[in-house]
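Working notes, beginning with the structure itself.
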Amino acid sequence: MKNLVILGAGTSGTMMANHLVSKLPKKEWTITIIDQFKTHYYQPGFLFLPFDIYTSKQVKKKGEKFIPKGVNYLQKKIELIQPETNTVQLEDGISLPYDVLIVATGTKTAPDEIEGMKGPEWYKSVFDFYTYEGAKALRNKLRDWEGGKLVVHITEMPIKCPVAPLEFAFLADSYFKNKGMRDKVEITYVTPLGGAFTKPKATKALHYLLEEKNIKEVTDFNIERVDYENNKIIDYGDSEVEYDLLVTVPTNMGDALIERSGMGDDLNFIPTNKGSLQTKAHENIFAIGDATDLPASKAGSVAHFEAEILTENILRYINGEELKEEFDGHANCFIETGNGKALLIDFNYTHEPVEGEFPFPGVGPLKLLKESRTNHMGKMAFRWIYWNMLIKGIHIPFVSATMSEKGKNFEEVQ
Ligand SMILES: Cc1cc2nc3c(=O)[nH]c(=O)nc-3n(C[C@H](O)[C@H](O)[C@H](O)COP(=O)(O)OP(=O)(O)OC[C@H]3O[C@@H](n4cnc5c(N)ncnc54)[C@H](O)[C@@H]3O)c2cc1C
């Protein structure tokens, strides 16, 4: 028997187990998936939890529900990858051999990277919403918060779902309006980028929305420390932003396992071929999702497209065929803008988000880079799609793994 081992049973790992179980001959291959946690979180729901739009129950389920029969599921911490012996070391001294390895260990927040962030004010006046614990603590805080300076902040790029902090600011605007206390809250959006987003056309559209909602924007802010005693964040150029409530997205990093195994870059992301998803250093190791260093968005939708292409490449690798360099960086993200509306963006490595219709040219029903209620319904439907289709590896109709140029008002990006 040969062994295919998947590290991480989050979005990407679970999808790969579901794709591969029906494609690898059972008499020849054993598939094993390993994760440290029993719970599978719907992370996009962490955006809605602080505003009491979703309940805790709606964003977490038992991971084992989604691992198909015929796949070994181990709940263990992974300590080390040893490519020289093709083995993985788990806690309790367990050693697992592999013929093919898929790394899907994602990215996590590292608030310790910034002085003062995870200090005595953590979860008192300084919060994150990128973890289940953070989103829940923030929900409890917001329920009784009486207003003041709310600062929504990104520490550094890349982060998973780079639009989520903007969505948080938009949702905060409508949350406080609905509570009849918007006049008591000053919202400031602080980013290390030169604008609201990484791509020029979307930045323009999003900047307009920030203005419309009276959300102040502070750009090019490279945080050095949180001065929790005086309620301000300070950047390397000594400029300061004051807060009463700081909602930050801490540095995102790959798991320490990748650093221990000597396989990552400065942020523990794995150098990966951007078309084939094979790691650059080892031909029998592949990487998917947030764990890679690809210049694509770190998003579940991206992982979903990658999984379709990676499945084919794993089969090609096993059969000794040349790998396809087909992944084009395709990302498809809804941006919740508050008051029951959302934008949709669809882009890849070479094409930035533009206006148009999706998925059917001239028809839609979803509008690209424009606010609409249908887009909002798409965003809310995503949770059902995630639990019932996406992580089960079921193809989502009309949405191809590579980006379609049809229905889009393009100008080629240089
Ligand atoms: C607030 C927020 C909003 C988001 N919104 C969207 C959205 O609207 N649309 C979208 O497409 N995406 C969104 N995302 C991003 C999306 O959730 C992630 O990109 C996606 O989950 C990545 O999947 P992954 O499998 O690469 O990583 P994960 O799903 O994070 O899985 C990694 C797994 O590896 C395990 N692991 C790591 N290290 C070890 C170890 N040493 N031992 C054992 N197990 C280990 C972890 O426990 C985890 O289960 C959002 C994310 C957040 C935080």
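Values quoted throughout were computed directly from the atomic coordinates according to the rules given, and no laboratory measurement underlies them. The shown structure was predicted, so the numbers you read here are calculated from the model rather than taken from an experiment. Positions of Cβ are generated from backbone atoms using ideal geometry, with glycine treated the same way; all protein chains shown enter the neighbour counts.
So what J values fall out for segment 112-123 if you push phi through Karplus, 6.51 cos²θ - 1.76 cosθ + 1.60 with θ = phi - 60°, rounded to Hz, Gly and Pro as x?
Ordered by residue, 3J(HN,Hα) equals 5, 5, 10, 4, x, 5, 8, x, x, 8, 4, 6 Hz.
Of all DSSP beta bridges in the chain, what percent run antiparallel (nearest 5)?
Restricted to the chain, the bridges split so that about 50 percent are antiparallel.
Report Rg/Rh for segment 65-175, rounded to two decimals, where Rg is the Cα radius of gyration and Rh the Kirkwood radius.
Values: Rg = 19.6 Å, Rh = 17.8 Å.
Reported Rg/Rh (Cα atoms, Kirkwood Rh): 1.10.
At a Förster distance of 22 Å, what's the computed FRET efficiency of Lys370 paired with Glu211, Cβ-Cβ distance as r, to 0.05? Please list the in-between numbers first.
Numbers: r = 16 Å, r/R0 = 0.75.
So, using R0 = 22 Å, E works out to roughly 0.85.
In terms of Cα to Cα distance under 29 Å, which lysines are near enough to Lys408, apart from those fewer than 8 places away along the same chain?
Lys408 reaches Lys160, Lys199, Lys201, Lys204, Lys213, Lys274, Lys298, Lys324, Lys341, Lys367, Lys370, Lys379.
Fewest Cβ neighbours within 10 Å first, please rank Val185, Val151 accordingly.
By the 10 Å Cβ count, ascending: Val185, Val151.
Springs between alpha-carbon pairs under 10 angstrom, Gaussian network model over the chain: which of Lys274, Lys27, Lys160 fluctuates most?
Lys27
Under a 5 Å amide H to amide H cut-off, with H placed in plane at 1.01 Å, what residues pair with His153 once short-range neighbours are removed?
Val190, Val247, Thr248, Val249
So which residue, out of Lys341, Lys136, Lys124, gets the largest mean-square fluctuation from a GNM of the chain using Cα contacts under 10 Å as springs?
Lys124
Between Asn339 and Met1, what is the FRET efficiency for a Förster distance of 56 Å, r being their Cβ-Cβ separation, to the nearest 0.05? If you can, show how the numbers build up before the last one.
Numbers: r = 56 Å, r/R0 = 1.00.
My answer for the efficiency is 0.50.
Amide H to amide H under 5 Å from Trp29: which residues, 5+ apart in sequence or cross-chain, H placed 1.01 Å off N in plane?
Those lying under 5 Å, H to H, from Trp29 are Lys2.
Could you state the number of Å between the C-alpha centres of segment 296-353 and segment 109-123?
First find each Cα centre; the distance between them is then 32 Å.
Roughly how many nanometres apart are two label points built 7 Å out from the Cα toward the Cβ at Thr350 and Asn319?
2.7 nm
Do the sum for the chain: with -39,500 (n - 2.57) for every DSSP H run of n ≥ 4, divided by all residues, what is the mean residue ellipticity at 222 nm, to the nearest 500 deg cm²/dmol?
So the helix-based figure for the chain works out to -7000 deg cm²/dmol.
Would you mind classifying the chain by shape? Square roots of the alpha carbon gyration tensor eigenvalues, ordered a ≥ b ≥ c; an a/c under 1.5 is rounded, otherwise it is prolate if a/b is larger than b/c and oblate if not.
The shape class here is prolate.
Top mean-square fluctuation among Leu277, Leu209, Leu294, Gaussian network model of the chain, C-alpha springs under 10 Å?
Residue with maximal mean-square fluctuation among Leu277, Leu209, Leu294: Leu209.
When His395, His40, His351 are ordered from fewest to most other Cβ atoms inside 10 Å of their Cβ, what list results?
His395, His351, His40
In what sequence do Ile258, Ile385 fall when counting other Cβ within 10 Å, fewest first?
Going from least to most buried by this count: Ile385, Ile258.
Is segment 166-253 rounded, prolate or oblate when judged by the Cα gyration tensor, a ≥ b ≥ c being the square roots of its eigenvalues, rounded requiring a/c under 1.5 and prolate requiring a/b larger than b/c?
Oblate.
Would you kindly state how much longer the chain becomes between Thr55 and Asn72 on full extension, computed as 0.36 nm times their sequence separation minus their alpha carbon distance, in nm to one decimal?
3.0 nm
In degrees from 0 to 90, rounded to the nearest 10, what is the angle of the helix 132-144 Cα long axis to the longest principal axis of the chain?
20 degrees
What's the angle, to the nearest 10 degrees (0 to 90), between helix 373-385's Cα axis and the longest principal axis of the chain?
With rounding to tens, the tilt is 40 degrees.
How many nm separate the modelled label positions at Asn409 and Thr87, each set 7 Å beyond the Cα in the direction of the Cβ?
6.1 nm
Any chance you could give the angle, 0 to 90 degrees and rounded to 10, that helix 11-21 forms with the longest Cα principal axis of the chain?
30 degrees
Using the Cα gyration tensor of segment 223-377, with a ≥ b ≥ c the square roots of its eigenvalues, what is the shape: rounded (a/c below 1.5), prolate (a/b larger than b/c) or oblate (neither)? Before the final figure, lay out each step's value.
Values: a/c = 2.99, a/b = 1.16, b/c = 2.58.
It is oblate, given that a/c is not under 1.5 and a/b is not larger than b/c.
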